[in-house]
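Single-structure report; data block below.
The values are calculated or read from the model by the stated rules, or taken from the named source; none is laboratory data. If you're wondering where the values come from, they're calculated on a predicted model, not measured in any experiment. Heads up, the Cβs are rebuilt from the backbone with ideal geometry, glycines too, and the neighbour counts pull from every protein chain shown. What goes into the accessible areas is simple: the full protein's heavy atoms, side chains included, and nothing from ligands, DNA or RNA. Shrake-Rupley method; radii C 1.70, N 1.55, O 1.52, S 1.80 Å.
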Amino acid sequence: MPTVAFFDVDDTLWRGNSGYYTSLRLVRHGILKKRRVLQAVYYKLADLFARQDVHKIYKIAIADMAGMKLTHALEIGTECFEKDMKRRLHAEAVAKVQHHRQRGDRIILLTSGPYMTIHSLQAFLKTDDYYASGPKVVDGTLINDLKMPLSYGEGKLHYAREASQKYGVPLSTCYFYSNDLTDLPLFENVGYPHVVNPKKELRKIAEQKGWPILRFD
């Protein structure tokens, strides 16, 4: 019976952090100040040792984007996808997406990555929907206010429940693929959790719970 397959993006569908590469593109276009990238690098490195305030990181990232037209943001996101991220897609991950499409499942991207870049990934993979992060849009213009809840941690579970209701499919029949320990709330609520390229702590939890562990090179 067709269901919904949720996919995390960064280090699951592709190798690398889409927020970092999108920030670099925004700097090249003169949208972000260079110090924003230094801040992003700092938080990325700090995250290796302790979980950071993701809301704070995103508020820093969107501060310079206020007043930008959505159409322009999506153009830069497409540039980032084509030049930076597309070549980082895992072939095994794309094959898994295609497998679920052949089964007749709905496919939804669920990521804290920036929607300006994830929008192009969604079009490339032809998924049914996506939930990503970024500033709110008013009359076609980005404002200095973050879309909430953030598609991160408990926020992903919120959007997964929203999608399951939309498509009339209980979460207990859904699939979820991710590499991130912060996705435990959703891992524990879907019927078919699949852990991708996990680090030590998530791998240990997956082994204890009997969740499949996948390796995408």
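Brief remarks follow.
- Scanning the stretch 170-197 for residues that are within 17 Å of TYR152 (Cβ to Cβ) and among the polar types (S, T, N, Q) returns SER178, ASN179, THR182, ASN189.
- Listed by first and then second residue, the pairs with beta-carbon distance under 8 Å, at least 6 apart or on different chains, first residue in the stretch 173-191 and touching a residue at least 60 places away in the same chain (Cβ under 8 Å), second part of a helix (DSSP H, G or I) and among the charged types (D, E, K, R), are PHE176/ASP183; TYR177/LYS96; ASP183/LYS156; LEU186/LYS156.
- LEU109 satisfies every condition listed in (1) in contact (Cβ under 8 Å) with a residue 24 or more places away in the chain; (2) surrounded by fewer than 20 Cβ atoms within 10 Å (Cβ to Cβ); (3) at negative phi except (2).
- Checking each residue of the stretch 94-115 against the condition of being closer than 18 Å to ASN17 by Cα and β-branched (Val, Ile, Thr) gives at least one match.
- The stretch 179-188: number of residues that are of a type in the set (A, V, I, L, M, F, W, C) and open to solvent by less than 10 Å² (accessible area, probe 1.4 Å): 2
- Among residues of the stretch 137-178, those that are closer than 28 Å to MET65 by Cβ and open to solvent by less than 30 Å² (accessible area, probe 1.4 Å), counted: 13
- Only one of LYS136, LYS199, LYS156 that is among the basic types (Lys, Arg) and without any contact (Cβ under 8 Å) to a residue 12 or more places away in the chain: LYS136
- Residues of the stretch 73-90 that are in a helix (DSSP H, G or I) and open to solvent by less than 20 Å² (accessible area, probe 1.4 Å): ALA73, ILE76, GLY77, CYS80, PHE81, ASP84, MET85.
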